[in-house]
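A short write-up of the structure that comes next.
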Amino acid sequence: MTSSAREWLAARPASLWWLVLAAACVIVALARPQMVREESLRDLLFVVDITGSMNVRDYEAAGEPASRLDVVKAEVVRILKDLPCGSRAGLAIFTERRSFPLFSPAEVCGNLAPMAEAIMALHWRMGWDGDSRVSAGLQSAVSLAASFGADLVFLTDGHEAPPLPYEGRRAIRSEKTIGGVIAGVGGPKPAPIPRYDEDGREIGFYSVTDMIHGSRVGMAPPTASLAPGFHPRNNPYGEADLSGIEHLSAVRSSYLVEMAAEAGLGYAPLDRGPALEKAIADAGRSRIARVRISLDPIFAALAFAALLAAHLSAFRWPAAVRRILIPAIATRPLASFSRRAGQSASAPRAAATQKMRAPRLPRGRHATPRKD
């Protein structure tokens, strides 16, 4: 060590200790220390409805109308970020009559970036058919989640297109090995469904004449004979399917609750709040696992703080700055205490000294006032 370095360290002993502490923290951080603790983890499969009704803009984001699909994507990413490390999540899309997997459940923290990118890239044009048979898609999603050993989060508005036949849908078969929820997407008020051309450009909204408002599959309803154009052989359904409100869409909450009960799932509206996450926690399953938590970022931050402290302690601050950083008012109590302590300590000594210096009078004599 050079003489100048020794002089620098001798003048700044505090800086040396801060540097030693910083070096020790760096060494510990490079060793990548870890802490093991138990965590409650979840395995989830998110199935997102991408059918045409999910383009309805009955949400709001940043003061602008937002489509159901855009809100769903943002909420799924938010939920993924809130899951503890070690949890797994997968993604699938629903359209027509089937739920199709995009990636199987994987650990969320190590794969969050590609997961979020895949979720935000979801688009209605990924659908291979214009139908929206929600009940069949839910049954497909239940089987898919069971094959992955994950709980199901099925996000849909429940809009069946074309409408269900008169005899209704098939019952949902539950899987005892999974839990999960159906998330109802959309507002309660019917809203128009955007319409697009072959190139994906929005050209307005669907009208009454663009949609089928009834089913022509299966048994005809008993009221079909009262419909205009009814013929028992040529037109047993009549013309009742030519008018209705199928060109408008609202969340079918009661329908989704009914299917959720059959499938052994919970139900929650997508309100962009904690309700969905609470429903997932209540209706889903968790597994306890020992998770390793890395501590090297903490020691790296401590090393940086120690280096900063070393720099501040070694820096020769101007007198004006020292007066600001260490105001005189902070030193007054100490100075006052020292002064009082000094006075109290010197008082006995002064009295003793005075006593020693006082002249002694001869015995039998007393000091009398002097008379002039």
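The values are calculated or read from the model by the stated rules, or taken from the named source; none is laboratory data. It should be emphasised that the depicted structure is a prediction, and the values quoted were computed from it without experimental measurement. Cβ: placed from backbone, ideal geometry, glycine included. Neighbour counts: every protein chain shown. Side chains included, ligands, DNA and RNA excluded: accessible areas come from the protein's heavy atoms. Shrake-Rupley method; radii C 1.70, N 1.55, O 1.52, S 1.80 Å.
Given region 23-155, report the % of alpha carbon pairs whose separation exceeds 21 Å.
Details: 4255 of 8778 pairs.
Tail of the P(r) past 21 Å holds 48 percent of the pairs.
Between residue 293 and residues 5 or more places away or on another chain, which pairs have amide H atoms under 5 Å apart, with H built 1.01 Å from N, and which residues are they?
Amide H neighbours of residue 293: 35, 36, 37.
Heavy-atom accessible area of residue 223 with all protein chains present, probe 1.4 Å, nearest 10 Å²?
Roll a 1.4 Å probe over it and residue 223 shows about 90 Å².
Keeping the other protein chains in place, figure out the carbon and sulfur percent of the accessible area of region 106-172, with a 1.4 Å probe.
Details: 1570 of 2750 Å².
Roughly 57 percent of what the probe reaches on region 106-172 is carbon or sulfur.
Mind giving me the FRET efficiency for residue 293 and residue 118? R0 is 22 Å, r the Cβ-Cβ distance, nearest 0.05 is fine.
Working: r = 27 Å, r/R0 = 1.21.
For residue 293 and residue 118, the calculated efficiency is 0.25.
Residues of region 21-63: accessible area per residue at 1.4 Å, in Å²?
Working: 2090 Å² over 43 residues.
Normalised by residue count, the accessible surface of region 21-63 is 49 Å².
I'd like the distance between the alpha-carbon centres of region 22-39 and region 191-254, rounded to an integer number of Å.
Using only Cα atoms, the two centres lie 64 Å from each other.
Straight-line reach from residue 278: which aspartates and glutamates have Cα under 19 Å away, leaving out those fewer than 8 places along the same chain?
Excluding near neighbours in sequence, the set is 39, 43, 75, 82, 151.
Give me Rg/Rg_expected for region 92-138, where Rg uses Cα atoms only and Rg_expected = 2.2 N^0.38 Å with N residues.
Details: Rg = 12.5 Å, N = 47, 2.2 N^0.38 = 9.5 Å.
My calculation over the Cα atoms of region 92-138 gives 1.32.
So if I average 1/r over every pair of distinct C-alpha atoms in region 127-177 and take the inverse, what Kirkwood radius in Å does that give? Don't skip to the end; give the middle numbers.
Numbers: mean 1/r = 0.0819 Å⁻¹.
Radius from the Kirkwood sum: 12.2 Å.
Given a 1.4 Å probe, how much area per residue of region 145-266 is accessible, in Å²? Display every interim value, and only then the final one.
Values: 6460 Å² over 122 residues.
Per residue, region 145-266 has 53 Å² of solvent-accessible surface.
In region 96-252, if every C-alpha pair distance is counted and binned at 10 Å from zero, what percent goes to each bin?
Pair shares across the bins are 9, 29, 33, 20, 7, 2, 0.
Find how much the distance from residue 111 to residue 166 grows on full extension, using 0.36 nm per residue of separation minus their present alpha carbon separation; answer in nm with one decimal.
On the way: separation 55, 0.36 × 55 = 19.80 nm, distance 4.56 nm.
So the extension gain works out to 15.2 nm.
Highest mean first, how do 73-80, 272-279, 86-93 rank when packing is the count of other Cβ atoms within 10 Å averaged over residues?
Numbers: 73-80: 18.8, 272-279: 15.1, 86-93: 22.0.
Highest to lowest by the protection proxy: 86-93, 73-80, 272-279.
Over 10 Å intervals from 0, what percent of Cα-Cα pairs in region 8-94 sits in each interval?
Binned Cα distances yield the sequence 13, 23, 18, 14, 14, 12, 5, 1.
Between residue 258 and residue 189, what FRET efficiency follows from the Cβ-Cβ distance if R0 is 22 Å, with the result rounded to 0.05? Could the numbers behind the result be given before it?
Values: r = 21 Å, r/R0 = 0.95.
The calculated FRET efficiency here is 0.60.
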